[in-house]
Amino acid sequence: MLYSVVSANEVNSLVAGIKDVDPGAFVNVVKTEQLGGRFYRRPKD
């Protein structure tokens, strides 16, 4: 199982990418109303 939080702008491309890799994948998209915590990390360039 993979759990990921992405922006609304990224959902379609993420689902398409998953389906490209595994056309039979089970994907559940859930709208998040509120999310707490320090989950963002600045990319290391």
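Laboratory data are not the source of any read-out in this text; all were calculated from the coordinates shown. Bear in mind the structure is a predicted one, so any value in this text is a computation, not a measurement. Glycine also receives a Cβ, built like all others from the backbone with ideal geometry; neighbour counts cover every protein chain displayed.
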Using a simple spin-label model with points 7 Å from Cα along the Cα→Cβ vector, what separation in nm is obtained for Ser7 and Asp45?
1.8 nm
If you build the convex hull over the alpha carbons only and average its shadow over all orientations, what do you get for the chain? Give it in nm² to one decimal.
4.6 nm²
Only helical DSSP H runs with n ≥ 4 go in: add -39500 (n - 2.57) per run for the chain, normalise by residue count and round the 222 nm mean residue ellipticity to 500 deg cm²/dmol.
-7500 deg cm²/dmol
